[in-house]
Amino acid sequence: KELGIDMPRAMQQEFYRLVQAASEEQQTEVGAMDIVQGFCRAYSYGESTNSARIVLGNGSTCVPAGGAHPDTVMFRGDVVVAGASLLLEGFAATGLDAFMDAVQHVFGLAFYIHQNETQRKDKDHFAGFVLVSSSATLADATWGIGVDISLDMATIRAVVSAVNRLVDGGRIDISTLG
């Protein structure tokens with residue numbers, strides 16, 4: 001509630017497990033501020049993105065002018081992966097799919113989105129929540145969150161958050177990317 005977001009129920013359960021593990025590790029009850037800071041660290045949210053290994057800079061989605069297919073959306077954005085700055089560009093039917101196309105084209109990585117929810121965070125921002133895995137199964141699925149003034153970009157930032165969790169958990173190796 002301190003962050004102005006309402007996590008989907010399944011994401012709440014995932015985060016509860018993280019809080020429970022921290023509480024057991026510290027052998028004490030975890031305070032409210034520690035919970036907020038833990039959330040920000042775990043999901044690379046807000047100013048706590050220093051540990052993120054993939055950072056999405058400026059990015060946008062649009063329908064390209066004069067395109068042969070008027071229902072094609074383009075994603076174009078800067079991303080830093082393991083310290084290397086790259087330009088991503090992808091095309092698909094939605095902004096999210098265009099981003100996924102760019103990631104697959106540039107890095108050869110395919111991610112699967114099992115659940116995707118969005119909400120208005122405040123009058124100027126959207127929050128996106130996605131459940132992402134590196135395979136078609138839910139075996140390594142994890143949640144991510146993103147906030148942006150654009151609905152598409154909030155969801156794309158949520159994918160980056162989830163992918164960073166997969167990287168941090170050792171489920172994806174990005175050391176050779178970029």
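Values computed for the structure shown
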{"read-out": "L18 being at pLDDT below 80 and either within 19 Å of R120 (Cβ to Cβ) or open to solvent by less than 80 Å² (accessible area, probe 1.4 Å) (or both)", "value": "no"}
{"read-out": "Close pairs (7 angstrom Cβ cut-off, 6 or more residues apart or separate chains): free of Cβ contacts under 8 Å to residues at least 12 places away in the same chain and at negative phi in the range 110-122, among the hydrophobic types (A, V, I, L, M, F, W, C) and open to solvent by less than 70 Å² (accessible area, probe 1.4 Å) anywhere", "value": "R120/F126"}
{"read-out": "Residue in the range 50-63 that is in contact with a Leu (Cβ under 6 Å, 6 or more places away or on another chain), more than 13 Å from V163 (Cβ to Cβ) and modelled with pLDDT of 85 or more present", "value": "no"}
{"read-out": "Members of the range 66-85 that are more than 17 Å from S161 (Cα to Cα) and either modelled with pLDDT of 90 or more or among the polar types (S, T, N, Q) (or both)", "value": "T72, V73, M74, F75, R76, S85"}
{"read-out": "Residue count for the range 73-99, restricted to those that are in a strand (DSSP E or B) and in contact with a helix residue (DSSP H, G or I) (Cβ under 9 Å, 6 or more places away or on another chain)", "value": "14"}
{"read-out": "Neighbours by Cβ (under 7 Å, 6+ apart or cross-chain): first from the range 65-90, farther than 22 Å from T155 by Cβ; second modelled with pLDDT of 85 or more", "value": "S85/D78"}
{"read-out": "The range 100-113: number of residues that are open to solvent by 70 Å² or more (accessible area, probe 1.4 Å) and either in a loop (DSSP other than H, G, I, E, B) or under 16 Å from A158 (Cβ atoms) (or both)", "value": "1"}
{"read-out": "Residues of the range 142-176 classified as small (G, A, S), crowded, with 23+ Cβ neighbours inside 10 Å and outside any helix (DSSP H, G or I), total", "value": "2"}
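The values are calculated or read from the model by the stated rules, or taken from the named source; none is laboratory data. None of these values were measured; they are calculated from a predicted model. Every residue, glycine among them, receives a Cβ derived from its backbone with ideal geometry; neighbour counts consider all protein chains shown. Side chains included, ligands, DNA and RNA excluded: accessible areas come from the protein's heavy atoms. Shrake-Rupley method; radii C 1.70, N 1.55, O 1.52, S 1.80 Å.
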